[in-house]
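The values are calculated or read from the model by the stated rules, or taken from the named source; none is laboratory data. For clarity, every value in this text was computed on a predicted model and none was experimentally measured. Note that each Cβ is placed from the backbone with ideal geometry, even for glycine, and that neighbours are counted across all protein chains shown.
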């Protein structure tokens with residue numbers, strides 16, 4: 001950290017943690033979620049993302065379509 005006060009701060013990058021997308025064990029990991037460090041260990045977990053058409057439809061149905069079919073969208 002370069003500067004820290006009550007009204008201003010300035011920082012610099014110390015380390016970058018990137019997902020190795022060439023490793024087949026990392027398939028579907030979207031981003032880094034949590035980072036913990038203790039002694040000589042750094043533990044990182046990732047946000048896993050899977051595209052699911054069913055979940056997308058369910059999300060859409062529960063918002064707009066549900067209002068349409070129940071008549072709750074009428075003014």
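Some values worked out for this structure:
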read-out	value
Unmet criterion (only one of (1) loosely packed, with under 10 Cβ neighbours inside 10 Å; (2) part of a loop (DSSP other than H, G, I, E, B)) for residue 37	(2)
Boolean, residue 74 is farther than 30 Å from residue 3 by Cβ, out of contact with any helix residue (DSSP H, G or I) (no Cβ under 8 Å at 6 or more places or on another chain), assigned to a helix (DSSP H, G or I) and modelled with pLDDT under 80	no
Test: residue 19 is modelled with pLDDT of 80 or more and exposed (fewer than 10 other Cβ atoms within 10 Å of the Cβ)	no
Conditions (1) loosely packed, with under 10 Cβ neighbours inside 10 Å; (2) outside any loop (DSSP other than H, G, I, E, B); (3) at pLDDT 85 or above; number of the one not met by residue 7	(2)
Filter pass, residue 25 being within 19 Å of the chain's Cα centre (by Cα) and assigned to a loop (DSSP other than H, G, I, E, B)	no
Residue 50 being surrounded by fewer than 11 Cβ atoms within 10 Å (Cβ to Cβ), more than 11 Å from the chain's Cα centre (by Cα) and within 30 Å of residue 16 (Cβ to Cβ)	yes
